[in-house]
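Structure first, then comments.
The values are calculated or read from the model by the stated rules, or taken from the named source; none is laboratory data. What you are looking at is a predicted structure, and each value in this text was computed from that prediction instead of being measured. So basically every Cβ, Gly included, is an ideal-geometry build from the backbone, and we count neighbours across all protein chains shown.
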Amino acid sequence: MDILVSHAITSAGEWNEVLLGHLLPRNVVEQILAIPIPMFAQQPDRAYWSGSQDGLFSVKSAFSLLQKQHVNPTQQEGHWKWIWKLQCLEKIKLFVWLLQRNRVLTNSVRFERHFATTPVCPRCEQEAETPLHLLRDCFHSRLIWESSTILPNTFFNLSFEEWLRRNVQDTSSNGALLHNWSTFFLSTIWVIWKGRNTFIFDNRTIPPHVLYHQASSLAADTRLALSTSVMAHTRSPRWVRWFPPNFPFLKLNTDGAMNHPSGSASAGGLIRDHGGRWRHGFATNIGQQSSYMAELWGCRTGLQLASELGITHLILEMDSLLAVQMIQARKAGEGLPSVLLLDIFHLIDSFTVCTIQHTLREGNSAADFMASLGHNLTQGTTFFPNPPDSIGSILHRDNMGTLFLRT
Ligand SMILES: [Zn+2]
């Protein structure tokens with residue numbers, strides 16, 4: 001029997017549960033009901049990266065996948081796990097990983113694999129271009145290293161593996177705020193590699209002092225970016241509360257929840273006015289889905305509800321930092337999350353004003369309550385024009401401006 005996916009979707013844009021129920025076992029139907037159908041956005045079919053939650057490619061997720069596929073148990077995570085802790089750009093981590101596996105295509109590596117007729121270094125034409133020659137011993141590279149005043153003593157004496165490992169793990173700072181040997185070292189080997197490729201492919205020589213300055217500024221930028229993100233994530237104790245919106249705004253809080261160990265997801269949310277008064281709420285039993293999908297699902301349902309209520313000025317508040325960042329950056333990514341995100345972008349644009357903000361879990365406890373409520377409901381969304389009885393004390397605490405200590 002031929003049946004298209006579109007046959008199983010009703011004219012209201014929902015899964016035809018009755019039809020599916022005739023065709024498929026109940027557990028399969030439940031899995032299908034947990035797949036979001038786009039409300040507005042029609043996207044062409046395409047491949048997406050299944051290695052990460054948001055469907056976007058990242059080097060780390062690629063390595064997690066490689067790790068799972070690894071057959072040789074001696075080459076497991078422990079052997080390259082330290083690479084992830086390096087304080088540098090993802091592409092440099094990848095470069096280090098390739099170096100460590102002798103996969104960077106220097107002339108000697110190409111020669112071994114019969115890709116090249118000679119292993120000789122194209123820059124100095126004196127020795128074989130091994131990774132160590134390329135990055136350290138070639139005099140073009142040596143000039144760059146020797147520009148640094150804090151070169152470790154043993155720097156030119158170590159074997160390649162030892163040299164790489166020791167230097168990337170040396171996080172001594174030499175007193176400078178934005179300095180860290182490992183970051184400088186990683187920036188320098190990257191700049192040397194880029195400079196070498198510019199020489200070969202563009203036939204252009206970048207002078208060593210220019211490369212040294214490129215490496216220093218890359219290292220400083222990296223340190224600055226890391227110190228900012230470290231500060232942003234430092235968990236110092238802070239007081240958290242829910243704030244009512246300013247008139248004429250209404251506030252929508254949404255949340256997702258996972259039911260362990262069943263792995264089923266639910267979502268929920270509520271809309272309140274400037275007096276903290278309940279306007280509407282909902283709870284959704286999603287089925288088997290990820291927590292990120294549950295967050296987005298709750299967000300979409302809440303926005304749709306707000307839109308149907310004719311609300312024009314809306315504040316959307318969630319405690320999923322990833323979801324808030326994706327929405328603020330208007331990044332849909334790929335795969336199932338993108339279905340929800342594209343609908344979310346569309347819905348946001350339907351309001352006169354809609355602002356999105358992140359709150360901590362303690363500031364989102366009413367939405368968390370609604371999301372948990374979803375677990376006990378039948379699959380699908382239940383709407384609450386009036387607050388459910390048991391949420392009363394949470395609403396009261398929010399309205400009183402009760403502070404919660406976040407440690
Ligand atoms: Zn050389």
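When the stretch 91-107 is examined, which residues are found to be over 13 Å from residue 81 (Cα atoms) and in a helix (DSSP H, G or I)? Working first, answer last.
Step one: list which residues in the stretch 91-107 are over 13 Å from residue 81 (Cα atoms), which gives 91-92, 95, 98-99, 101-107.
Within the stretch 91-107, 91, 92, 95, 98, 99, 107 meet the criteria.
Against the conditions (1) surrounded by 14 or more Cβ atoms within 10 Å (Cβ to Cβ); (2) in contact with a Leu (Cβ under 9 Å, 6 or more places away or on another chain); (3) assigned to a loop (DSSP other than H, G, I, E, B), where does residue 124 fall short? Just the number, please.
Residue 124 satisfies every listed condition except (2).
Please find, among 144, 206, 192, the residue that is at negative phi and touching a Pro at 6+ places or on another chain (Cβ under 6 Å). Even if it seems obvious, please write down each step before you answer.
On the way: 206 fails: touching a Pro at 6+ places or on another chain (Cβ under 6 Å); 192 fails: touching a Pro at 6+ places or on another chain (Cβ under 6 Å).
The match here is 144.
What single numbered condition from (1) assigned to a strand (DSSP E or B); (2) modelled with pLDDT of 90 or more fails to hold for residue 239?
Failing condition for residue 239: (2).
Restricting to the stretch 268-286, count the residues that are crowded, with 21+ Cβ neighbours inside 10 Å and either of a type outside the set (Ser, Thr, Tyr) or outside the structural domain of residue 342 (by TED's automatic domain parsing) (or both). Don't jump to the end; show me each part of the working.
Start the filter on the stretch 268-286 by keeping residues that are crowded, with 21+ Cβ neighbours inside 10 Å, which leaves 268-272, 280-286.
Add one more test, that the residue is either of a type outside the set (Ser, Thr, Tyr) or outside the structural domain of residue 342 (by TED's automatic domain parsing) (or both), and what stays is 268-272, 280-283, 285-286.
Qualifying residue count, the stretch 268-286: 11.
Quick check on my filter: what residues within the stretch 147-166 are outside any loop (DSSP other than H, G, I, E, B), farther than 14 Å from residue 181 by Cα and either among the basic types (Lys, Arg) or within 16 Å of the ligand (Cβ to nearest atom) (or both)?
Within the stretch 147-166, the first condition is being outside any loop (DSSP other than H, G, I, E, B), and the residues that meet it are 160-166.
Applying the additional criterion that residues be farther than 14 Å from residue 181 by Cα yields 160-162.
The one that is outside any loop (DSSP other than H, G, I, E, B), farther than 14 Å from residue 181 by Cα and either among the basic types (Lys, Arg) or within 16 Å of the ligand (Cβ to nearest atom) (or both): 160.
Among the candidates 192, 150, which residue alone is surrounded by fewer than 19 Cβ atoms within 10 Å (Cβ to Cβ), in contact with a helix residue (DSSP H, G or I) (Cβ under 8 Å, 6 or more places away or on another chain) and either polar (S, T, N, Q) or assigned by TED's automatic domain parsing to the domain that holds residue 224 (or both)?
Details: 192 fails: surrounded by fewer than 19 Cβ atoms within 10 Å (Cβ to Cβ).
Criteria check complete, one pass: 150.
Just for strands (runs of 3 or more DSSP E) wholly inside the stretch 322-407: which have at least 3 residues that are surrounded by 14 or more Cβ atoms within 10 Å (Cβ to Cβ)?
Working: elements: 353-358, 380-384, 404-406.
Qualifying strands (runs of 3 or more DSSP E): 353-358, 380-384.
Take the stretch 90-106 and flag every residue that is of a type outside the set (Asp, Glu), away from the ligand (no atom under 16 Å from the Cβ) and touching a helix residue (DSSP H, G or I) at 6+ places or on another chain (Cβ under 7 Å). Can you show your working first?
The first filter runs over the stretch 90-106 and keeps only residues of a type outside the set (Asp, Glu), leaving 91-106.
In the following step, the residues that additionally are away from the ligand (no atom under 16 Å from the Cβ) were identified as 91-103.
Selection gives 92, 93, 94, 95, 96, 97, 99, 100, 102.
Which one is farthest from the ligand (Cβ to nearest atom) among residues in the stretch 107-146 that are of a type in the set (Phe, Trp, Tyr) and more than 26 Å from residue 184 (Cβ to Cβ)?
Within the stretch 107-146, the first condition is being of a type in the set (Phe, Trp, Tyr), and the residues that meet it are 111, 115, 139, 145.
Applying the additional criterion that residues be more than 26 Å from residue 184 (Cβ to Cβ) yields 111, 115.
On the way: 111: 14, 115: 18 Å.
Taking the candidates together, the pick is 115.
Might you let me know whether the stretch 172-188 holds any residue that is within 16 Å of the ligand (Cβ to nearest atom), in contact with a Pro (Cβ under 8 Å, 6 or more places away or on another chain) and either outside any loop (DSSP other than H, G, I, E, B) or not assigned by TED's automatic domain parsing to the domain that holds residue 122 (or both)?
No: the stretch 172-188 contains no residue that is within 16 Å of the ligand (Cβ to nearest atom), in contact with a Pro (Cβ under 8 Å, 6 or more places away or on another chain) and either outside any loop (DSSP other than H, G, I, E, B) or not assigned by TED's automatic domain parsing to the domain that holds residue 122 (or both).
Kindly indicate the residue of the stretch 298-314 that is closer than 21 Å to residue 364 by Cα and not in a helix (DSSP H, G or I) and also nearest to the chain's Cα centre (by Cα) among those meeting that condition.
Residue satisfying both the conditions and the ranking: 314.
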